[in-house]
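What follows is one structure encoded as structure tokens, with my remarks underneath.
Taken together, the values in this text are just the output of simple stated rules run on the coordinates, not laboratory data. On a predicted model such as this, the values are computed, not experimentally measured, just so you know. Every residue, glycine as well, gets a Cβ built from its backbone with ideal geometry; the counts of neighbours run over all protein chains shown.
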Amino acid sequence: MKKFQEKLGQLEERGRLRSLNLPAGIDLTSNDYLGLRGHPALRRAAMDAIGAGIDLGAGGSRLLRGHQSAHENLEIFAAGFFNAEKTLYFSSGYQANFALFTTLPSRHDVILYDSLIHASARDGINASHAKSLRIPHNDLDAYETALKRLNEGKNDRRVWLAVESVYSMDGDMAPLRELGALCRRYDAMLVVDEAHATGVLGYEGRGLSFGMPHHNRITLHTCGKALGVAGGLVCAPGVLIDYMINAARPFIFSTAPPPLQALLTHEALKLAQGREGQSRREKLAALCKTAQKLFGGHGTHIVPIILGEDRRAVAVAEHLQGKGYDIRAIRPPSVAEGTARLRLSLSAALDEDDLHRFAAHLKPQMERRAA
Ligand SMILES: Cc1ncc(COP(=O)(O)O)c(C=O)c1O
């Protein structure tokens with residue numbers, strides 16, 4: 001125990017100790033971008049399903065007794081929505097990413113991954129048998145140089161490119177069209193994590209890669225952010241999904257997500273697709289414009305307010321929490337050393353006034369830093 005206490009002490013000394021805090025104040029921190037988490041249509045769907053006797057737990061892995069019509073219906077709907085041959089639903093986006101990268105790339109393959117890619121993809125890449133190469137953030141030249149080199153004397157090696165459509169801690173976007181063209185030119189597979197675009201960006205919230213050729217593309221859609229429920233959907237050519245069903249250990253050796261979770265995710269996708277989703281996306285887009293004027297950033301719903309030092313980020317976050325805002329300090333290893341920040345996360349549940357009032361509280365903190 002002493003060893004762990006020492007490690008915790010070291011984290012505290014560096015301003016890096018984390019603890020669990022219940023939500024309090026105006027939500028500027030969750031990923032509930034459309035504000036669907038408590039939507040009456042989802043509550044009603046949950047109550048109807050419970051009334052009709054849906055199982056609360058799956059009772060087994062998908063390959064055994066755990067596979068139910070709620071999972072199947074969701075996957076069929078999602079395949080149509082995201083324009084994929086097939087989809088596979090996991091309990092979480094983390095599990096989906098981990099399964100994807102540990103199952104599809106083989107030991108002869110190489111994964112090129114963006115330096116800012118999410119920990120769930122990184123963990124999958126690290127645990128995969130394939131070799132991997134970190135590419136500087138959004139550096140198209142570096143991708144092309146690596147692809148060109150790997151294409152020489154190729155044998156049966158496949159190259160995989162792993163990127164996010166909207167980066168989770170910076171809110172900027174990947175140059176997807178250009179990356180797609182590179183992948184087609186060099187016969188590589190593009191894997192796009194659409195975690196922060198799903199429900200929000202692209203036609204009807206289908207993600208930023210929607211509409212791109214899909215024979216050399218895999219997308220991952222998390223369902224616990226804008227969709228307000230939980231889970232992760234891998235969308236891919238049918239043969240890859242069939243292979244994952246047969247070989248992805250996180251899929252095979254894990255109890256299936258509760259059927260109720262699958263049913264609610266399905267309802268949330270329908271909600272996101274329809275008029276409700278559209279009007280919430282429009283409201284969010286207006287908030288993004290205001291936020292960019294007030295705080296900078298890339299004009300998306302994720303606005304980084306970089307403070308540098310870990311302790312500084314914690315102090316500013318605590319100050320703003322005291323003013324009634326739920327905003328948290330993001331520190332390494334979630335972000336690079338020296339770039340601790342507030343991650344302002346916008347939601348259609350907010351109003352313009354919320355942003356202006358928050359900016360008024362933040363301003364003196366930023367000025368104090370500059371002084
Ligand atoms: C880019 C990205 N991918 C995957 C995940 C994991 O998704 P989940 O929270 O559903 O496990 C996250 C979660 O923060 C994320 O930001």
Worksheet entry | Condition broken by residue 84, with the remaining ones in (1) part of a helix (DSSP H, G or I); (2) away from the ligand (no atom under 16 Å from the Cβ); (3) touching a residue at least 12 places away in the same chain (Cβ under 8 Å) satisfied | (1)
Fill in: Inter-residue pairs, beta-carbon under 8 Å, first within 26 Å of residue 37 (Cα to Cα) and in the stretch 244-267, second assigned to a loop (DSSP other than H, G, I, E, B) and among the charged types (D, E, K, R), 6+ apart
251/62; 256/62; 258/55; 259/55; 260/55
Worksheet item: Right, residue 164: acidic (Asp, Glu), surrounded by 15 or more Cβ atoms within 10 Å (Cβ to Cβ) and more than 20 Å from residue 284 (Cβ to Cβ) or not?
Response: no
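Going by the structure shown, is residue 125 buried (at least 20 other Cβ atoms within 10 Å of the Cβ), in a loop (DSSP other than H, G, I, E, B) and either within 10 Å of the ligand (Cβ to nearest atom) or under 18 Å from the mean Cα position of the chain (by Cα) (or both)?
For residue 125, the condition - buried (at least 20 other Cβ atoms within 10 Å of the Cβ), in a loop (DSSP other than H, G, I, E, B) and either within 10 Å of the ligand (Cβ to nearest atom) or under 18 Å from the mean Cα position of the chain (by Cα) (or both) - is not met.
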Practice prompt. Among the residues of the stretch 128-154, write down those that are in a helix (DSSP H, G or I), surrounded by fewer than 19 Cβ atoms within 10 Å (Cβ to Cβ) and in contact (Cβ under 8 Å) with a residue 24 or more places away in the chain.
Written response: 140, 144, 148, 151
Discussion item. Let me confirm something: among 221, 214, 196, which residue is within 10 Å of the chain's Cα centre (by Cα), touching a residue at least 24 places away in the same chain (Cβ under 8 Å) and over 16 Å from residue 89 (Cα atoms)?
Written reply: 196
Worksheet item: Got a number for residues in the stretch 155-176 being assigned to a loop (DSSP other than H, G, I, E, B) and either under 18 Å from residue 302 (Cα atoms) or not charged (D, E, K, R) (or both)?
Response: 10
Worksheet entry | Unmet criterion (only one of (1) more than 22 Å from the chain's Cα centre (by Cα); (2) aliphatic (A, V, I, L, M); (3) within 30 Å of residue 29 (Cβ to Cβ)) for residue 191 | (1)
Item to complete: Answer yes or no as to whether residue 46 is surrounded by fewer than 20 Cβ atoms within 10 Å (Cβ to Cβ), outside any loop (DSSP other than H, G, I, E, B) and in contact with a strand residue (DSSP E or B) (Cβ under 7 Å, 6 or more places away or on another chain).
Response: no
Worksheet item: Which residue pairs have Cβ atoms under 7 Å apart, sit 6 or more places apart or on different chains, and have a first residue in the stretch 324-339 that is exposed (fewer than 12 other Cβ atoms within 10 Å of the Cβ) and a second that is in a strand (DSSP E or B)?
Response: 338/308
Item to complete: Being on the phi < 0 side of the Ramachandran plot, surrounded by 14 or more Cβ atoms within 10 Å (Cβ to Cβ), among the basic types (Lys, Arg) and under 22 Å from the mean Cα position of the chain (by Cα) narrows it down to one of 18, 37, 62, so name that one.
Response: 37
Item to complete: Select from the stretch 87-118 the residues that are near the ligand (Cβ under 8 Å from one of its atoms) and farther than 16 Å from residue 241 by Cβ and write down the one among them that is surrounded by the fewest Cβ atoms within 10 Å (Cβ to Cβ).
Response: 92
Response to the item:
Residues of the stretch 218-254 being away from the ligand (no atom under 16 Å from the Cβ) and either in contact with a Gly (Cβ under 7 Å, 6 or more places away or on another chain) or of a type in the set (S, T, N, Q) (or both), in sequence order, are 246
Worksheet, complete the sentence: Wholly inside the stretch 199-307, helices (runs of 4 or more DSSP H) that include 3 or more residues that are crowded, with 23+ Cβ neighbours inside 10 Å are 259-273, 275-295
